[in-house]
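One structure is given here, and the rest of the page talks about it.
The values are calculated or read from the model by the stated rules, or taken from the named source; none is laboratory data. Because the structure is a prediction, the values reported are computed rather than measured. Every residue, glycine among them, receives a Cβ derived from its backbone with ideal geometry; neighbour counts consider all protein chains shown. Side chains included, ligands, DNA and RNA excluded: accessible areas come from the protein's heavy atoms. Shrake-Rupley method; radii C 1.70, N 1.55, O 1.52, S 1.80 Å.
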Amino acid sequence: MSESVTIIGGGLAGSEAAWQLAERGVLVRLYEMRPRRQTPVHRGGDLAELVCSNSLKSLDANTAAGALKYELSTLGSQVLRCALETRVAAGGALAVDREAFAQLVTESLEAHPNVELIREEFTALPALIEAQSPVILATGPLTSSALEEQLVGLLGQESLAFFDAAAPVVEAPSLDTERLFFQSRYDKSGADYLNAPLTREEYDHLVRELTEAQRVIPRSFETAELFQACQPVEEVARSGHDTLRHGALKPVGLRDPRTGQRPWAVVQLRPENNEGTAYNLVGFQTNLTFGEQERIFRLIPGLEQAVFSRFGVMHRNTFVNTPRVLSRSFALRSHPFLRFAGQITGTEGYAEAIASGLFAALATYAELRGLEAPVLPVETVLGSLFAYATNPGLEDYQPMHVNYGIIKALPAPPRRKKERYAAYRQRACVAVEAFREQHRFLSLLPAYPVPFLEP
Ligand SMILES: Cc1cc2nc3c(=O)[nH]c(=O)nc-3n(C[C@H](O)[C@H](O)[C@H](O)COP(=O)(O)OP(=O)(O)OC[C@H]3O[C@@H](n4cnc5c(N)ncnc54)[C@H](O)[C@@H]3O)c2cc1C
C-alpha cells in the first residue's frame with residue numbers, strides 16, 4: 001500500500017496513530033513542533049512526552065482504566081507496549097520512567113521506514129483541506145495558537161472550547177434515591193433531573209465546607225480566560241453565603257413530593273446518558289482537590305455513598321465539540337478525510353489518548369481500503385467512551401475519561417460495586433476479543449499480555 005497520511009502532533013495519540021498506520025505499510029508524515037516550539041507544559045523534544053503524572057492509571061483488571069489496557073493490548077497498541085517496557089514499580093498502577101518511555105517511542109518512530117518525522121509547527125490546515133488527503137489531527141489540549149486559529153476558521157468559534165470546566169459525575173447505582181426526587185423545574189419537559197433537597201442547616205454546612213476546602217492552584221497560563229468564563233462552585237460560595245441558593249442551587253420551581261414544600265436549596269443532577277447510569281452535578285465545576293470533592297459532595301443528601309466516575313476539573317484545554325462536529329469515527333462531518341484524535345476530541349487521559357490514536361488509525365486504514373470505518377462495541381470501555389463523546393444529543397460537552405458510569409447498563413446489574421465492575425469487565429473482554437476476530441481485515445497488530453493485578 002503506498003497511500004500516505006498526514007498526522008499533526010506527535011503526542012500520545014499522534015504517535016500511536018503514526019505507528020499503527022506505518023506498520024500497515026502506509027506512509028506517514030508526522031508533524032511535531034517540539035523542541036523548536038514548546039507548549040506551556042511540555043519540556044523536551046521527544047514524542048509522547050507525559051506532561052504531568054508518570055502514571056497511566058490502574059492495572060486492576062476490574063477498574064475501567066484496567067479494562068482499557070486490556071482492550072489496548074488486545075488491539076495491539078504500540079505505545080502501551082512501550083509503557084509496559086519502561087514500567088517502574090508503582091503498586092497497582094502502570095507508571096513509567098517518563099524519559100525512557102518517550103525516548104523509546106521517539107526512537108522507534110524515527111527508525112520506522114514508513115514514518116517521516118517533520119519537526120515543524122503545522123500551520124497549513126487550509127491547504128490540507130483543499131488537497132482532501134487523509135489527515136489525523138492530534139495536537140492535544142495545548143494546540144499551538146496559529147493552528148487553533150485555523151481550526152476556529154474551519155469550525156467556527158462555537159465548535160471549539162478553550163478550557164474545560166467540568167462538574168463531577170456520579171454513578172447512578174451509588175445514589176440513595178430514597179432521599180432524591182425526579183422533577184424538572186416547573187415540571188417542564190419531563191422529570192429529567194434528580195434533585196437533592198437541602199434543609200437550611202444542610203445548605204449552611206455545605207457552603208461552609210466549600211469555602212474552607214483545599215483547592216488545586218491552577219497554573220498561571222490557565223487562570224485568566226478560564227475564570228472569566230466560568231466560576232468554580234467554591235468561588236461562587238465564597239462570594240456570598242446565599243449566592244449559590246440564588247444560582248445553581250436555587251429551589252424555585254421545585255417541590256419535594258415527600259413534604260409538598262419547596263426545599264431551602266436544591267442540588268440538581270442531570271443524566272449523563274440516555275440510560276441514566278451516571279449523573280452530573282449541575283453547576284459544580286470546581287477546582288477542589290479530588291479528595292475534597294469526595295468528602296464535601298458526599299455531604300449532599302442522597303450522595304453519601306456516591307461513587308465518582310469523574311471528578312470536576314478546570315483546565316486550559318482546547319477541544320472540539322465532538323458530539324456536534326465529529327462522526328462516530330471522529331471524522332469531521334463537513335470534511336470526512338480530516339479525523340481528530342487524542343485529547344482535542346474531549347476524551348481525557350493518557351491511555352485514552354493512546355486509544356483514540358489507535359482507533360483513528362484503524363478508521364483511516366479501513367477507509368484507505370475502501371471499507372467502512374469500524375465501530376467499537378459499546379460493551380467495551382473504549383467503545384462506550386466513543387459512543388458517549390460522539391452522541392449528537394449530548395449538550396454541554398465536557399471532557400470525559402473511561403468509566404463504568406457511562407457504559408451500557410447490564411441487564412441485571414449486581415448491587416455491589418465490586419461484582420458490578422467484574423461483570424462489566426468480563427463483558428468488555430468478550431466484546432473486544434470478538435471485535436478483533438471480526439476485524440481481521442484491519443490487520444490488527446499482535447495482542448500481548450498485560451500484568452494485571454489479580455482481582
Ligand atoms: C497540564 C495538563 C496535565 C495533564 N495531566 C494528566 C495526567 O496526569 N494524567 C492523564 O492521564 N492525563 C493528563 N492530562 C490529559 C491528557 O491525557 C494529556 O494531555 C495527553 O498528553 C493528551 O494526549 P494527546 O496526544 O492528545 O496530546 P499531547 O500529548 O499534548 O500531544 C500533542 C502534541 O502536538 C504538538 N503540537 C501542538 N500543536 C502543534 C502544531 N501546530 N504543529 C505540530 N505539533 C503540534 C504538541 O507539541 C504535542 O507534542 C493532562 C493535560 C494537561 C493539559
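Could you check residue 110 against (1) closer than 21 Å to residue 360 by Cα; (2) of a type in the set (Asp, Glu); (3) within 25 Å of the chain's Cα centre (by Cα) and say which number it fails?
(3)
Considering each of 79, 152 in turn, give the residue that is of a type in the set (Val, Ile, Thr), assigned to a helix (DSSP H, G or I) and within 11 Å of the ligand (Cβ to nearest atom). Spell out how you get there, then give the answer.
On the way: 152 fails: within 11 Å of the ligand (Cβ to nearest atom).
It is 79.
Condition first: among the hydrophobic types (A, V, I, L, M, F, W, C) and assigned to a loop (DSSP other than H, G, I, E, B). Now tell me which residues in the range 28-61 satisfy that.
Scanning the range 28-61 gives 33, 41, 47, 48, 50, 51, 52, 59, 61.
For the list (1) out of contact with any helix residue (DSSP H, G or I) (no Cβ under 6 Å at 6 or more places or on another chain); (2) more than 10 Å from the ligand (Cβ to nearest atom); (3) modelled with pLDDT under 95; (4) under 23 Å from residue 448 (Cα atoms), I need the number of the one condition that residue 58 fails.
(1)
Of all the residues that make up the range 155-194, how many are within 16 Å of the ligand (Cβ to nearest atom) and aliphatic (A, V, I, L, M)?
Selection size over the range 155-194: 5.
When the residues of the range 82-93 are filtered to those that are closer than 15 Å to residue 453 by Cα and in a loop (DSSP other than H, G, I, E, B), which remaining residue is farthest from the ligand (Cβ to nearest atom)?
89
Just to be sure I understand, how many residues within the range 247-265 are open to solvent by less than 70 Å² (accessible area, probe 1.4 Å) and in a loop (DSSP other than H, G, I, E, B)? First the steps, then the outcome.
As a first pass, look at the range 247-265 and keep what is open to solvent by less than 70 Å² (accessible area, probe 1.4 Å): 247-249, 251-254, 256, 260, 263, 265.
So of that shortlist, the ones also in a loop (DSSP other than H, G, I, E, B) come out as 247-249, 251-254, 260, 263.
Counting residues in the range 247-265 that are open to solvent by less than 70 Å² (accessible area, probe 1.4 Å) and in a loop (DSSP other than H, G, I, E, B) gives 9.
List every residue pair whose Cβ atoms sit under 6 Å apart, with the two residues 6 or more apart in sequence or on different chains, where the first one lies in the range 136-151 and is assigned by TED's automatic domain parsing to the domain that holds residue 22 and open to solvent by less than 30 Å² (accessible area, probe 1.4 Å) and the second, anywhere, is near the ligand (Cβ under 8 Å from one of its atoms) and modelled with pLDDT under 95.
Within 6 Å, the pairs are 142/39.
Tell me, yes or no, whether the range 110-117 has at least one residue that is assigned to a helix (DSSP H, G or I), assigned by TED's automatic domain parsing to the domain that holds residue 435, hydrophobic (A, V, I, L, M, F, W, C) and exposed (fewer than 15 other Cβ atoms within 10 Å of the Cβ).
Yes - at least one qualifying residue is present in the range 110-117.
For the range 131-154, which residues satisfy the criterion of being over 16 Å from residue 30 (Cα atoms) and over 24 Å from the mean Cα position of the chain (by Cα)?
Across the range 131-154, the qualifying residues are 131, 132, 146, 153.
Pick from 67, 22: which is closer than 17 Å to residue 359 by Cβ, in contact with a Lys or Arg (Cβ under 6 Å, 6 or more places away or on another chain) and not in a loop (DSSP other than H, G, I, E, B)?
The unique qualifying residue is 67.
Kindly indicate the residue of the range 295-332 that is more than 14 Å from residue 280 (Cα to Cα) and hydroxyl-bearing (Ser, Thr, Tyr) and also most open to solvent (accessible area, probe 1.4 Å) among those meeting that condition.
327
What number goes with the only condition from (1) modelled with pLDDT of 95 or more; (2) surrounded by fewer than 24 Cβ atoms within 10 Å (Cβ to Cβ); (3) within 16 Å of the ligand (Cβ to nearest atom) that residue 352 does not pass?
Residue 352 satisfies every listed condition except (2).
If I go through the range 105-148 residue by residue, how many of them are more than 10 Å from the ligand (Cβ to nearest atom), within 29 Å of residue 85 (Cα to Cα) and among the charged types (D, E, K, R)?
So in the range 105-148, the residues more than 10 Å from the ligand (Cβ to nearest atom) come out as 105-117, 126-136.
Remaining after also requiring within 29 Å of residue 85 (Cα to Cα): 105-117, 136.
From what's left, among the charged types (D, E, K, R): 107, 110, 116.
Here the count works out to 3.
Take the range 61-76 and flag every residue that is polar (S, T, N, Q) and either modelled with pLDDT under 95 or under 18 Å from the mean Cα position of the chain (by Cα) (or both).
Once the filter is applied, which keeps residues that are polar (S, T, N, Q) and either modelled with pLDDT under 95 or under 18 Å from the mean Cα position of the chain (by Cα) (or both), the range 61-76 yields 62, 63.
Does residue 128 count as over 24 Å from the mean Cα position of the chain (by Cα) and surrounded by 15 or more Cβ atoms within 10 Å (Cβ to Cβ)?
So residue 128 fits the description; yes.
Exactly one of these conditions fails for residue 295: (1) outside the structural domain of residue 26 (by TED's automatic domain parsing); (2) basic (Lys, Arg); (3) within 16 Å of the ligand (Cβ to nearest atom). Give me its number.
Residue 295 satisfies all of (1) outside the structural domain of residue 26 (by TED's automatic domain parsing); (2) basic (Lys, Arg); (3) within 16 Å of the ligand (Cβ to nearest atom) except (3).
So, in the range 188-246, of the ones that are open to solvent by 60 Å² or more (accessible area, probe 1.4 Å), assigned to a helix (DSSP H, G or I) and acidic (Asp, Glu), which residue ends up modelled with the highest pLDDT?
In this case the residue turns out to be 201.
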